[in-house]
Amino acid sequence: MIQLEHIHRYFQVGEQSIHALNDINLTIKQGEYVSIMGPSGSGKSTLLNVIALLDQPSSGRYLLNDQDVTQLNDEQLARVRRENIGFVFQFFHLIPRLSAAENIEMPMVLAGIAAKERKQRVAEVLKAVSLADRADHRPDQLSGGQMQRVAIARAMIMRPGLLLADEPTGNLDSQSGREIIELLESLNQQQDMTLLMITHDKSIGQRAERCIRIIDGQVS
Ligand code: ADP
Ligand code: MG
């Protein structure tokens, strides 16, 4: 499903050029569970952002479901992202003024799905993340673990084939973190969602079927 060929990403900061990704070659199949580990600053987030189509590589080829996505314009990228990719962040990135249900509903609003179907799917997903009784709570009325479950519900509401998570437990206590990992793993297993997760935590990283180590922008 994911095929990266000779991916490079340079960042230009003033006079300095940072080689954040240095010749990444990587293949990930549909349904795989892969963790990404490596020191801070090694390029993990940059790699995940490229895979998420949130960032463009400086060079190299990226095939997503056999389509070369390095050739697409912004509108096409947005569409491929919306239809194929869910993303979960360390700091949740929920919209503060919206309720849990409204946050989860947002991708379907953007995709033009009818209100009736939206309500039904939000109710299903809220149940799946055990938050049926928190539908009307705003993010500031939820715990960290609950906010992350809302974020996961939002990421999966469009039923993407690929779920990406950048240190999803990095801001949680260990108990909530464990619950989040188990939720992500159950989505991977039950719905055949490919799961690609960055983590600092060795015990979490080792749970994946495959662990990729990134050092200085390279797969080691
Ligand atoms: P990690 O997630 O492994 O901690 P990152 O992928 O965030 O690392 O960063 C890799 C390198 O690229 C770092 O040296 C970082 O400073 C640099 N970098 C990341 N994003 C940017 C950016 N938008 N502009 C300039 N440099 C960046
Ligand atoms: Mg990072």
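In segment 164-192, what residues are of a type outside the set (D, E, K, R) and touching a strand residue (DSSP E or B) at 6+ places or on another chain (Cβ under 7 Å)? Once the filter is applied, which keeps residues that are of a type outside the set (D, E, K, R) and touching a strand residue (DSSP E or B) at 6+ places or on another chain (Cβ under 7 Å), segment 164-192 yields LEU164, ALA165, PRO168, LEU184, LEU187, ASN188. Can you pull out the residues in segment 14-63 that are in a strand (DSSP E or B), surrounded by 15 or more Cβ atoms within 10 Å (Cβ to Cβ) and within 9 Å of ligand 1 (Cβ to nearest atom)? Answer for segment 14-63, where residues must be in a strand (DSSP E or B), surrounded by 15 or more Cβ atoms within 10 Å (Cβ to Cβ) and within 9 Å of ligand 1 (Cβ to nearest atom): HIS19, ALA20, LEU21, ILE36. Quick one: in segment 207-220, which of the residues that are of a type in the set (A, V, I, L, M, F, W, C) and away from ligand 2 (no atom under 15 Å from the Cβ) is surrounded by the most Cβ atoms within 10 Å (Cβ to Cβ)? If we take residues in segment 207-220 being of a type in the set (A, V, I, L, M, F, W, C) and away from ligand 2 (no atom under 15 Å from the Cβ), then ALA208 is surrounded by the most Cβ atoms within 10 Å (Cβ to Cβ). Confirm whether PHE87 is under 29 Å from ALA153 (Cβ atoms), in contact (Cβ under 8 Å) with a residue 60 or more places away in the chain, of a type outside the set (A, V, I, L, M) and part of a strand (DSSP E or B). Yes. For segment 189-204, the condition of being of a type in the set (Ser, Thr, Tyr), away from ligand 1 (no atom under 15 Å from the Cβ) and out of contact with any helix residue (DSSP H, G or I) (no Cβ under 9 Å at 6 or more places or on another chain) holds for at least one residue.
Restricting attention to segment 157-171, the residues being within 16 Å of ligand 2 (Cβ to nearest atom) and buried (at least 20 other Cβ atoms within 10 Å of the Cβ) number 6. Here VAL125 does not fit the description of being closer than 26 Å to ALA208 by Cα, within 16 Å of ligand 2 (Cβ to nearest atom) and out of contact with any Gly (no Cβ under 7 Å at 6 or more places or on another chain).
Residues that are of a type outside the set (Asp, Glu) and in a helix (DSSP H, G or I) within segment 64-77 comprise VAL69, THR70, GLN71, GLN76, LEU77, listed in sequence order.
Taken as a whole, the condition of being in contact with a Lys or Arg (Cβ under 6 Å, 6 or more places away or on another chain) and under 26 Å from SER174 (Cβ atoms) does not apply to ALA132.
Test ILE214 against the stated conditions and say whether it is hydrophobic (A, V, I, L, M, F, W, C) and more than 16 Å from ligand 1 (Cβ to nearest atom). In short, no. In segment 189-206, the qualifying residues are those that are buried (at least 21 other Cβ atoms within 10 Å of the Cβ) and away from ligand 2 (no atom under 16 Å from the Cβ), and the one that is nearest to the chain's Cα centre (by Cα) is LEU195. Close Cβ contacts (under 8 Å, 6 or more residues apart or on different chains) running from residues in segment 196-220 that are more than 15 Å from VAL88 (Cβ to Cβ) and touching a residue at least 12 places away in the same chain (Cβ under 8 Å) to residues that are surrounded by fewer than 14 Cβ atoms within 10 Å (Cβ to Cβ) and not hydroxyl-bearing (Ser, Thr, Tyr) comprise ILE215/PRO39; VAL219/ASN25.
Residue count for segment 46-85 under the criterion of being among the small types (Gly, Ala, Ser) and over 15 Å from LEU21 (Cβ atoms): the result is 1. Of the candidates ILE95, ILE113, the single residue that is within 19 Å of MET158 (Cβ to Cβ), of a type outside the set (Lys, Arg) and surrounded by 14 or more Cβ atoms within 10 Å (Cβ to Cβ) is ILE113.
Read-outs: derived from the displayed coordinates by stated rules, not from any lab. This is a predicted model, so every value here is computed, not measured. No Cβ is skipped: glycine too gets one built from the backbone with ideal geometry, and neighbour counts run over all protein chains shown.
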